Structure formats: structure tokens, C-alpha cells
Amino acid sequence: MDKNIDKKIGRDMGLLMGATISLLLSFVGTFTSGQFTLPGFIMSFLVSFVVSIIVGLFIPMKKVSDKVCDKAGVKNGTIAKRLLETLISDLIYTPLMTFLMVTMAYKMATSHGAPLNYAPMLLKSLGISLLAAYGFIYLVTPLCMKLVFKKNGIGKK
């Protein structure tokens, strides 16, 4: 496959997966906080989407996943490879996005006088987010790949 097409597919996948993961984590974060507000959700989504774009620009997920899978001896086309690729993506994106969203929510809540403990809030949110994002990434990645491939004329005959 052409290198330019590879880059375009990587960029498109980064944007699409970043948007979907940001949407999921924003929902999960605001609903599990018990204080869902539309402005809080929108701000959470925007912050996490910007972070996902930045991460996507600096970390070539396909390259990283392929290297880790090669080192682990996981073969292409296996369920083990999909599971490991999902874990890699989850561990790169989710902790950073969750940390920033929880920190932002904590600062907003405590500025209004809410008596919150940061560490338990972060750890609970991180645990829930890692699990939710792992399942979501596993399910959504093939769908996003099909969309991106179709958009770029791959697989059409």
C-alpha cells in the first residue's frame, strides 16, 4: 500500500477513534460522577478530543501496536492480536484523557465548595474508564477501519 495512503488511513483512524473514545469517556465520566450536566459533558468531550488528536499526532498507533505484538510473538489475524492491540490503545489514550477530565472536574467542583478527595475520585474513574474503553475499542475498531478503508477506496472492486 502507498505510504501516503497509509498516513491518511492512520490520520483518519486517529480522528475517528479519538472522537468515539472521547465521546464514550465523556459519557462515562459525567454519568458516573452523579452530576451530569450538558456543559460539563461538552467541556469533557472537547478536552478529551483535543488530547486524543495530540496523542494521535505523536504516537503512530499501528507502528506501536505492530512492534509490541511482534515482541510478544502474537500473529496477525488472531484474536490475541486484536486483544493486545486493544490493550495498547486503551493504555495509551485512556489514562491521560481520564486524568485530565477528572482533574478538570475536580477543580470545577472544589471551586464551588464541594468536599472531594482527588485520589479516590481519580482511581475510581480510571478503573471504570479503562474497562469501558477496552470493550468499546475492541468493538468499534473494526467498524472504524471499514469506514476509513471505504472512504479511501480500499477494498472496492
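Before moving on, here are some points about what is shown:
- FRET efficiency for the pair Leu57 and Leu123, taken as 1/(1 + (r/R0)^6) with r the Cβ-Cβ distance and R0 = 35 Å, rounds to 0.75.
- Every helix of 4 or more DSSP H residues in the chain counts as -39500 (n - 2.57), and over all residues that averages to -29500 deg cm²/dmol at 222 nm.
- The mean sequence distance of close C-alpha pairs (under 8 Å, at least 6 residues apart), as a share of the length of the chain, puts its relative contact order at 32 percent.
- Nearby aspartates and glutamates by direct alpha-carbon distance to Lys7 (threshold 16 angstrom, same-chain neighbours under 8 apart not counted): Asp66
- Extending 7 Å from Cα along the Cβ direction at Leu46 and again at Phe149 yields two label points whose distance is 3.6 nm.
- Taking other C-beta atoms within 10 angstrom as a stand-in for reagent exposure, Leu143, Leu16 fall in the order Leu143, Leu16, fewest first.
- Ranked list, fewest to most other Cβ atoms within 10 Å of each Cβ, for Val102, Val47: Val47, Val102
- Annotation for the range 116-144 versus the range 18-46: alpha-carbon center distance of 12 Å.
- Of the cross-linked pairs Lys8/Lys75; Lys67/Lys150; Lys8/Lys124; Lys67/Lys146, those separated by over 32 Å at the C-alpha level are Lys8/Lys124.
- For Val68, Val74, the sequence from fewest to most other C-beta atoms within 10 Å is Val68, Val74.
We did not get these values from a lab; they are worked out from the coordinates using the rules stated. These figures come from a predicted structure and were not determined experimentally. Don't worry about glycine lacking a Cβ; one is built from the backbone with ideal geometry, like all the others, and counts go over all protein chains shown.
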